[in-house]
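> Before anything else, here's the structure in question.
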Amino acid sequence: MPDYPWRLVGLLAITQTVGYGVLFYSFSVFLAPTATALHTSTTTVTGAMTASLLAAAVAAVPVGRWLDRHGGRALMALGSSAATLLAVFWSRVESVAELYIVWIALGVVCAGVLYEAAFPVVVSWFDAAHRARALLSVTVVAGFASTIFLPLAGWLNQTYGWRDAIAVLALGHGVLTIPLHLLVRRPPARAATSADPAPPRAEIIRHATHDPVFWLLGAAFIAQTCAVSAISVLLVSMLRSLGHSPGFAATTAGLLGVLSVTGRLATTAAGRRWTIGAVTAAAFAVQAAGALLLPVIGGTTVGAIGCVLAFGIGFGVSTIARPALLAERYGTTAFATLAAAWGAPLTFAKAVAPLGAVALWHVAGLATALDAAAACCLLGAVGLAVGDQLTRTQARARARARAQRPAETSA
């Protein structure tokens, strides 16, 4: 049992890599052939992914409640089985309506098998001293999902055609994720001490949802997510509109994946010296600078690369900062439910932000769209900085109150 938590991290790193590779990143590879086979536009097919994300947002809260009450084993194993079957159905769709039905169902299922489910499972096994390292380990490995599965899906598509390629990926997904998710366990119950009794789950949820800092932090992450979602989808087009070649634009945009891993490593290392809230706020501020400067200096090679580097350093930071901050402030008893309260609007933001950015770009120009993204990152930075300061102030107040209690008792 002492070694189990880290074995759990290893197996979830595998399932998240495979899950994101098959159920998310491969979609872009099969976008054009699916549109051709269904005699529709790529915009219509892309709408299926948007619908899937919205379905995942709706499912987030009930999934979080289930995880807090029952743990992840049954949910993740059944979810992996359902995702495998739905991926097979995806490979056999014959109409746009069937495609949307499959992807809406996949959105619901993904809420129970990807990061939103894996993080509560990991957090429940680790104390504050080891939690960030555990989350980092999962996300660093899973951060290579696109690196592995985009070329693999492309090769399968060219070799076997899109339908059989998806079926092969679905089979691999089932073989790798179902048995590993069956190995997920719940941690043994921790006995509460008389000095520090564990409050019931409902009380924790009530306290958090009435705490302004909870909503301030959530709003900060939602604002930054809008910028990340929009720029990650549109960066290639943005760079091309600034005069760069398609090859340069694609290669430079591809730096975001590598930088997401780099940013997570840097944030975890800096978190040993400074608070995770302060470090993440700084990363968001650097992102704001990158987005703001892109239309100004992004027409040059050096300027474009520099702006992408600045924006990319915070690209994956929020993925580990959110669970770390949430568990640090509210504990792990109601973690999944509280994470879902943030996760639902975050997923909604991921779905709609690119559409809003495109509309703003067409109406007011690229510079305005990037200014809006910079503003979102800056709002996120300010929100996290204020939340971090309030958290530290409240922690000092609680420490003083605890120090006074023994003195009052002895008196």
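> Identify, from the list 72, 47, 64, the residue that is over 21 Å from residue 152 (Cβ atoms) and in contact with a His (Cβ under 9 Å, 6 or more places away or on another chain).
Only one candidate passes the filter, namely 72.
> Which is within 30 Å of residue 63 (Cβ to Cβ) and touching a residue at least 24 places away in the same chain (Cβ under 8 Å), of 375, 351?
Just one listed residue meets the conditions, 351.
> Against the condition out of contact with any Gly (no Cβ under 7 Å at 6 or more places or on another chain), open to solvent by less than 10 Å² (accessible area, probe 1.4 Å), under 23 Å from residue 255 (Cα atoms) and of a type in the set (A, V, I, L, M, F, W, C), how does residue 372 come out, does it pass?
no
> From (1) under 26 Å from residue 345 (Cβ atoms); (2) open to solvent by less than 30 Å² (accessible area, probe 1.4 Å); (3) hydroxyl-bearing (Ser, Thr, Tyr), pick out the condition that doesn't hold for residue 25.
(2)
> Just wondering, is there one or more residues in region 352-364 that are surrounded by fewer than 24 Cβ atoms within 10 Å (Cβ to Cβ) and under 27 Å from residue 119 (Cα atoms)?
The answer is yes; a qualifying residue exists.
> Which of the numbered conditions does residue 297 fail, given that it passes all the others? Conditions: (1) in contact with a Cys (Cβ under 9 Å, 6 or more places away or on another chain); (2) touching a residue at least 24 places away in the same chain (Cβ under 8 Å).
Against the list (1) in contact with a Cys (Cβ under 9 Å, 6 or more places away or on another chain); (2) touching a residue at least 24 places away in the same chain (Cβ under 8 Å), residue 297 comes up short only on (2).
> I'd like the residue in region 43-86 that is farther than 17 Å from residue 106 by Cβ and among the hydrophobic types (A, V, I, L, M, F, W, C) and, out of all such residues, is modelled with the lowest pLDDT.
For region 43-86, the residue satisfying everything is 61.
> If you scan region 225-257, which residues turn out to be in contact with a helix residue (DSSP H, G or I) (Cβ under 9 Å, 6 or more places away or on another chain), more than 16 Å from residue 310 (Cβ to Cβ) and β-branched (Val, Ile, Thr)?
Once the filter is applied, which keeps residues that are in contact with a helix residue (DSSP H, G or I) (Cβ under 9 Å, 6 or more places away or on another chain), more than 16 Å from residue 310 (Cβ to Cβ) and β-branched (Val, Ile, Thr), region 225-257 yields 225, 233, 236.
> Also, I was wondering about something else. Taking region 123-160 only, how many residues are in a loop (DSSP other than H, G, I, E, B) and in contact (Cβ under 8 Å) with a residue 24 or more places away in the chain?
The qualifying residues number 3.
Per-residue answers, yes or no, for (1) assigned to a helix (DSSP H, G or I); (2) open to solvent by 10 Å² or more (accessible area, probe 1.4 Å); (3) touching a Phe, Trp or Tyr at 6+ places or on another chain (Cβ under 6 Å):
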| residue | (1), (2), (3) |
| --- | --- |
| 237 | yes, yes, no |
| 243 | no, yes, no |
| 249 | yes, no, no |
| 258 | yes, yes, no |
| 265 | yes, yes, no |
| 273 | no, yes, no |
| 285 | yes, yes, no |
| 293 | yes, yes, no |
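> Another question, if that's okay. Could you list, in sequence order, all residues of region 60-74 that are surrounded by 21 or more Cβ atoms within 10 Å (Cβ to Cβ) and outside any loop (DSSP other than H, G, I, E, B)?
Once the filter is applied, which keeps residues that are surrounded by 21 or more Cβ atoms within 10 Å (Cβ to Cβ) and outside any loop (DSSP other than H, G, I, E, B), region 60-74 yields 60, 63, 64, 67, 68.
> Quick one: count up the residues across region 141-159 that are among the hydrophobic types (A, V, I, L, M, F, W, C) and open to solvent by 30 Å² or more (accessible area, probe 1.4 Å).
Of the residues in that region, 6 qualify.
The values are calculated or read from the model by the stated rules, or taken from the named source; none is laboratory data. Everything numeric here is computed off the predicted structure, so don't read it as measured data. Ideal geometry is used to build each Cβ from the backbone, glycine not excepted, and the neighbour counts take in all protein chains shown. Only protein heavy atoms, including side chains, enter the accessible area calculation; ligands, DNA and RNA are left aside. Shrake-Rupley method; radii C 1.70, N 1.55, O 1.52, S 1.80 Å.
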